[in-house]
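The structure appears right after this line, and notes come after that.
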Amino acid sequence: MSKCEKCAFFFPIPEGDMDFEPGKGDCVRQQEDTKGKFWLSRPVFENSDACEHHRTQIN
Amino acid sequence: MGTTERTTRLKNRCRFKHVAGGEYVDAGVKAGVERARLITQSHKENIGEPNCVIRAKGLENILSNITVHIQDDELIVGANTEHPDYFPMYPELSYFATLDMVESQYCDHKDEMREITEYWKPYTIQTKGEKYFTPEEIGIMYSATTIQPPMFVTAFSSIVPTYESVLEDGLLKRIEEVEKNIANANASLRKSPWNAQENLHYLDKLDQWKAMVIAMKAVVGWAQRHARLAKIMAENFLTDAKRKEELLEISDICRNVPANPARGLRDAMQSKWFTYLLCHSIERYSSGYGQKEDKLLWPYFQKSVIEKSDQPMSREEAVELFECERLKVSEHGSTKGRQLREFFAGSNDLFILTLGGINPDGSDASNDCTNAILEATESIITTEPSISFRWNEIGNTETKQKVFNCIKKGFGFPSIKNDEMNTQQLIKYFNVPEEVARDWALVLCMSPGITGRRGTQKTRSEGGSDVYPAKVLEIALTDGFDEFFSNIQLGPKTGDGAEFKSFEDVWNALKLQLRFAIELGLRSKDVGRIMESTHLSCPFISSIDDGCVEKGMDANALAEVPNPWHNIIGGSVVVIDSMTAIKQLVFDEKKYTMAQLVEALRNNWEGKEEMRIDFWNAPKFGNDDAYADAVATKYYDLIADEWKRNTTYSGTYPLPLAQSVAGYIVNGPKTAATANGRHAGEALDDGGSSPYMGCDKNGPTAVLKSASKINASKYKGILLNQRLSTVLMNSDAGFDLWHAYMKTWHSLDIDHVQFNVISQEDMKAAQIEPEKYTDTLVRIAGYSAKFIDLARYSQDTIIARTEQDMASGS
């Protein structure tokens, strides 16, 4: 199964930030509704199983 | 319309969270679950720790894990929930309030939230507080008839955060200070020889300080999450170069504050907003927007806008930032139980900031930051935040003209408070040094309290909660029993009104019923205060108060500067007019007996229309009528004396505050017919010295003269609503006439005044075609609302207010 680590929406937390933990990152997604666009960020770990929004990184 | 394309767009898509009839108006509004879920998870993992540490770890879990978001166009970022359409829930506060929300249409996660609600039941401050009251007392309080239900069941609170310490110090410096206190305490505990008297007090302090450090570090981390999100958006999601630049600046700001001191106005606004969210809706729920904003932001406004030395910006950009702030507040959602949602008809919550007045050195405090805030208020047109302006003799005319501009547009605010009177009150009653007293701001709708780095009001158990006087008079005539609404014994047995032989008999029954209601209300607040101190520590709020840091105390427990007050909500003038009519028609003229009156009221005047008209035509307060005004003076002196008999948690007696919020609407249907000729169920009067709807017939000066006969200095505030002519206010002479009116108001030593400036025709047209009047605002009592968001019943109470013609000269 794919892991968050390989997701285009996974961004590792920089070392030195208060909530830094090895393997921890921000899952950032764009949403849009009738009132406009907004971006959500929630913490995930790179070894978590991919969710329905998973998009594999292209690089 | 905003002054820029951005704020116009933001307003057009604003996710308002107003309520009407106890329900949210916008269809998309939902209850967020992440806060409740995260605090519950943490609570389960940390049971056994001291309460302050449990609470700090709960906050840490929320801030580290809640979904954060940034919306398009935003310049100020951060919210209290996982989605911009949501409001948070607080299962640790009130079981009833949470359950009400969980079972409502707004909660999509019912099973999970029911489980969370049940988990918290034994730990809520409701459960902890209820056991100190008899079932009969609980029944009286929860019926919301003579007094407001206690804070441990409404979960309603208010606070003035110590913003200054965050903006001036930054949290990293404060963490260092607290860690020094911990090190010093540990060293003292290990000194030889052992001295218990000198050291055992450190045990609790060490817990408090440890909790403060956990909380402050979590806050810095939460701001960093916003900094990362803004940067990720700029670098990965957006193509517009200008917005990318803005987001990188937002990222830089969130890296800097609240960890460090604010550099300029953008830092200060963001740091203030983060602090607001934490103190008012993340660590716990508290209503209000208490701050002296033009004083707080003035140093940063000077640096950025005037000197352009830090975060330089144009004045237009500053006005845009203040517009963004108003829209951010408009989007902010609060969770309240049904009674409070109904109490704030047409509103989202109570948000009141304070401007004007004088500086600690006695100079005029209105500055160009004041003017920019007022200009933004005038242009963006939102009901929130409301503004109170401190009217001081020396205040400059330019700023007063801008205050007038907002009022004449019909916003209903700024409301005006007498600066000298309110400053003196803090000095006289609460021993506040004069230079500190001069920095006062309203805590919530109308009560002044200090601002600054320490000693501000932290909880509504210090000041707030309500007595409902019209209902109290009703039961004073029925031996303390509520025949009309709750069918329970609401107060002591003070006799059947039909048997009263003198006006003093009526007066004495009213006094004893008031006494019971006041004492039960105050006791419930103080019991709540102990529950808050013991079970609801607020380590972040404590960490930003210099007094709490110095003393190692929780903010709920420390009452460094007492500020006790208690509301008397809607109905005071119904009582005054009723007692006046009883005095004249029953005891002076002997036209009717008390038995006839009690029977007529019990039957809602049915078959007694002629008698009702007699009572309706008796002298009324608000007409400079000596007979009615003498009763008003006697009533208000009684209220002040009754409050003065008590001593509250903070060691002194509370001052009463006469106002109504929307209590005059909500409590009307619970109140039987009254002796002022009012039918059962009809609205009460809309404030402390506002004449009853349509009963002030002798012009605006007569209203002011009546109001001036009440000794307002014994009160935290006495609300006066006035409706002014739109034609006159918008005429060339409008400002001069209003300014002359205000000078008269000030010279008469009246505490407060606020205005509705909207025509009868516009209100009636808005009832027929509401879609054409989306920006029409009206003043309810302590707050404003969109006219079209009000229920028809509430709209009609505004229409029924007398429109005063200031040019009449009477």
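The values are calculated or read from the model by the stated rules, or taken from the named source; none is laboratory data. These figures come from a predicted structure and were not determined experimentally. Reconstructed Cβ throughout: ideal geometry from the backbone, glycine too, with neighbour counts over all protein chains shown. What goes into the accessible areas is simple: the full protein's heavy atoms, side chains included, and nothing from ligands, DNA or RNA. Shrake-Rupley method; radii C 1.70, N 1.55, O 1.52, S 1.80 Å.
Some notes on this structure:
- Verdict on B:VAL703 being of a type in the set (Val, Ile, Thr), in contact with an Asp or Glu (Cβ under 6 Å, 6 or more places away or on another chain) and farther than 24 Å from B:TRP565 by Cβ: yes
For every residue, the table says whether it meets (1) at pLDDT 95 or above; (2) more than 30 Å from B:GLU317 (Cβ to Cβ); (3) crowded, with 22+ Cβ neighbours inside 10 Å; (4) within 14 Å of another protein chain (Cβ to nearest Cβ).
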residue	(1), (2), (3), (4)
B:LEU10	yes, no, yes, yes
B:ARG13	yes, no, no, yes
B:GLY21	no, yes, no, no
B:GLU45	yes, yes, no, no
B:HIS69	yes, no, yes, yes
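- So B:LYS634, is it among the charged types (D, E, K, R) and either crowded, with 18+ Cβ neighbours inside 10 Å or assigned to a loop (DSSP other than H, G, I, E, B) (or both): no
- From the options B:PRO299, B:PRO360, residue that is surrounded by fewer than 23 Cβ atoms within 10 Å (Cβ to Cβ) and in contact (Cβ under 8 Å) with a residue 60 or more places away in the chain: B:PRO360
- Looking across the stretch B:47-67, the residues that are more than 12 Å from chain A (Cβ to nearest Cβ) and open to solvent by 10 Å² or more (accessible area, probe 1.4 Å) come down to B:ILE47, B:GLY48, B:GLU49, B:PRO50, B:ASN51, B:ILE54, B:ARG55, B:LYS57.
- Of all the numbered requirements in (1) more than 29 Å from B:GLU323 (Cβ to Cβ); (2) over 27 Å from the mean Cα position of the chain (by Cα); (3) more than 14 Å from chain A (Cβ to nearest Cβ), B:THR4 misses one, and that requirement is (1).
- Selected residue [farther than 27 Å from B:GLY464 by Cα, within 14 Å of chain A (Cβ to nearest Cβ) and either open to solvent by 10 Å² or more (accessible area, probe 1.4 Å) or modelled with pLDDT under 95 (or both)] from B:LYS173, B:LYS180, B:LYS217: B:LYS217
- Screening B:TYR285 on (1) assigned to a helix (DSSP H, G or I); (2) open to solvent by less than 10 Å² (accessible area, probe 1.4 Å); (3) over 16 Å from B:ALA262 (Cα atoms) shows it passes everything except condition (1).
- Filter pass, B:TYR276 being open to solvent by less than 10 Å² (accessible area, probe 1.4 Å), assigned to a helix (DSSP H, G or I), away from chain A (no Cβ under 14 Å) and aromatic (Phe, Trp, Tyr): yes
- Positions within the stretch B:192-212 being surrounded by fewer than 20 Cβ atoms within 10 Å (Cβ to Cβ) and either at the interface with another protein chain (Cβ under 9 Å from one of its Cβ atoms) or touching a Lys or Arg at 6+ places or on another chain (Cβ under 9 Å) (or both), in sequence order: B:GLU198, B:ASN199, B:LYS205
- Pairs, first among the acidic types (Asp, Glu) in the stretch B:751-776, second crowded, with 21+ Cβ neighbours inside 10 Å and modelled with pLDDT of 85 or more, C-beta under 6 Å, six or more apart: B:ASP751/B:ASN418; B:ASP751/B:ALA712; B:ASP751/B:GLY717; B:ASP751/B:ILE718
- Total residues in the stretch A:1-49, condition at the interface with chain B (Cβ under 10 Å from one of its Cβ atoms) and on the phi > 0 side of the Ramachandran plot: 2
- Within the stretch B:82-101, tally of residues that are out of contact with any Asp or Glu (no Cβ under 7 Å at 6 or more places or on another chain) and either within 14 Å of chain A (Cβ to nearest Cβ) or of a type in the set (Phe, Trp, Tyr) (or both): 7
- Here B:SER660, B:SER713 are screened, and the one residue that is open to solvent by 10 Å² or more (accessible area, probe 1.4 Å) and hydroxyl-bearing (Ser, Thr, Tyr) is B:SER713.
- Selection status of B:ILE39, surrounded by 23 or more Cβ atoms within 10 Å (Cβ to Cβ) and either within 14 Å of chain A (Cβ to nearest Cβ) or within 18 Å of A:GLN31 (Cα to Cα) (or both): no
- Counting only helices (runs of 4 or more DSSP H) wholly contained in the stretch B:495-595, the ones carrying 1 or more residues that are at pLDDT 95 or above and under 22 Å from the mean Cα position of the chain (by Cα) occupy B:503-535, B:539-543, B:572-582.
- Single residue of the stretch B:76-124 satisfying the filter (in a helix (DSSP H, G or I) and touching a Pro at 6+ places or on another chain (Cβ under 6 Å)) that is surrounded by the most Cβ atoms within 10 Å (Cβ to Cβ): B:THR98
- Only one of the numbered conditions (1) open to solvent by less than 10 Å² (accessible area, probe 1.4 Å); (2) among the hydroxyl-bearing types (Ser, Thr, Tyr); (3) closer than 30 Å to B:THR154 by Cα; (4) in contact (Cβ under 8 Å) with a residue 60 or more places away in the chain is not met by B:THR335, and that is (1).
- Residue match in the stretch B:228-246 (condition: more than 24 Å from B:PRO448 (Cβ to Cβ), within 14 Å of chain A (Cβ to nearest Cβ), β-branched (Val, Ile, Thr) and more than 28 Å from the chain's Cα centre (by Cα)): yes
- Matching residues, the stretch B:125-156, being among the aliphatic types (A, V, I, L, M), out of contact with any His (no Cβ under 7 Å at 6 or more places or on another chain) and not in a strand (DSSP E or B): B:ILE138, B:ILE140, B:MET141, B:ALA144, B:MET151, B:VAL153, B:ALA155
- Within the stretch B:277-294, at least one residue is in contact (Cβ under 8 Å) with a residue 24 or more places away in the chain and farther than 20 Å from B:LYS458 by Cβ.
- Enumeration of residues in the stretch A:1-42 that are part of a loop (DSSP other than H, G, I, E, B), surrounded by fewer than 16 Cβ atoms within 10 Å (Cβ to Cβ), of a type outside the set (D, E, K, R) and under 15 Å from the mean Cα position of the chain (by Cα): A:SER2, A:ALA8, A:PRO14, A:PHE20, A:PRO22, A:GLY23
- Top-ranked residue in the stretch A:43-53 [being in a loop (DSSP other than H, G, I, E, B) and either out of contact with any Lys or Arg (no Cβ under 8 Å at 6 or more places or on another chain) or among the aliphatic types (A, V, I, L, M) (or both); ranked as least open to solvent (accessible area, probe 1.4 Å)]: A:ALA50
- Number of positions in the stretch B:218-242 that are free of Cβ contacts under 8 Å to residues at least 40 places away in the same chain and part of a helix (DSSP H, G or I): 10
- Residue match in the stretch B:684-698 (condition: of a type in the set (S, T, N, Q) and open to solvent by less than 20 Å² (accessible area, probe 1.4 Å)): yes
- Unique match (being closer than 13 Å to B:ASP466 by Cα and either open to solvent by 10 Å² or more (accessible area, probe 1.4 Å) or among the hydrophobic types (A, V, I, L, M, F, W, C) (or both)) among B:LEU558, B:LEU522, B:LEU536: B:LEU522
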